[in-house]
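Okay, so here's the structure we're looking at.
The values are calculated or read from the model by the stated rules, or taken from the named source; none is laboratory data. The model shown is predicted, which means the values in this text are computed figures rather than measured ones. Here the Cβ positions follow ideal geometry from the backbone for every residue, glycine too, while neighbour counts run over all protein chains shown.
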Amino acid sequence: MARAADAKAARGPALEADGPNGQVFINCPFDDYLPCFEALLFAITISGYRVRCALEDSDGGDIRFAKLCRLIEDSDDTIHDLSRTEAGRMGLPRFNMPFELGLAMGARQFGGGRQRTKRACIMVAIDFALPRYLSDLAGSDPAAHRDDPHEVIRIVRGHLHRTPSGSGLPGAAHMIELFERFRGDVPFLARQARLTVEEAHARLGYRNYMDLLRGFCEAIPGVASRFGN
């Protein structure tokens, strides 16, 4: 308990500072989703934000629920993709994504301070499907990406709209062009960093992949200035 309290106290000043903190929690599937996952990571990073994701920490002693709560608490923005809720191989639906959305909505509803100012972007694969399995969100207007990574970039860019410092972002078409360039450069960048294909995989080698992505973004004129650190 003391360790958790000390960690929260250490984060406190940053969380209570004025203005957005530039952290975006992503709640999405990690299997059968790779192109859209890569697009999600790219759109957030190229916009100057820091992705917060359950894959970022490999500490085996970190309880998953506690990790999720911490990531959501720390992030001013949350993005939720509910496109993979169908029954899996065992005949059971996947509840992780709706559950994590519920945590984020609870933080905004019942939390204090800046928790109440959190923003949420909800995505689905198909229009009008959400009310069939999550009727409590009736009246919400989730964005449908149709499993198209370019559409994911358009949705995320439209949601963020500005950099953490308030500057305007380039259009989605420009971001998509850079995304495709990065995808083509990943094998070369991995070799330069002496990483194998698996070690530079967006899911299997998440932290290495994010290092490559951040380096790519910072090498683009005008993009490095979007990063606050």
Which of the residues belonging to the range 77-108 are at pLDDT 95 or above and among the charged types (D, E, K, R)?
D77
Looking at (1) within 20 Å of T117 (Cα to Cα); (2) modelled with pLDDT of 95 or more; (3) in contact with a Pro (Cβ under 7 Å, 6 or more places away or on another chain); (4) not hydrophobic (A, V, I, L, M, F, W, C), which is the one condition that is false for E38?
(1)
Within the range 175-193, can one find any residue that is farther than 24 Å from D31 by Cα, among the aromatic types (F, W, Y) and surrounded by 13 or more Cβ atoms within 10 Å (Cβ to Cβ)?
no
Evaluate the range 190-212: report whether one residue or more is touching a residue at least 60 places away in the same chain (Cβ under 8 Å), touching a Cys at 6+ places or on another chain (Cβ under 8 Å), closer than 15 Å to T45 by Cβ and not acidic (D, E).
yes
Hey, can you tell me all the residues within the range 213-224 that are farther than 16 Å from L40 by Cβ and in contact (Cβ under 8 Å) with a residue 24 or more places away in the chain?
G215, I220, V223
Can you find a residue that is over 19 Å from R52 (Cα atoms) and among the basic types (K, R) anywhere in the range 207-228?
no
Checking I44 against (1) part of a helix (DSSP H, G or I); (2) more than 16 Å from R157 (Cβ to Cβ); (3) touching a residue at least 24 places away in the same chain (Cβ under 8 Å); (4) of a type outside the set (G, A, S), the condition it does not meet:
(2)
Taking the range 205-222 and keeping residues exposed (fewer than 15 other Cβ atoms within 10 Å of the Cβ) and at negative phi leaves R207, G215, E218, A219, I220, P221
From S47, S75, S58, which residue is over 14 Å from the mean Cα position of the chain (by Cα) and of a type outside the set (V, I, T)?
S58
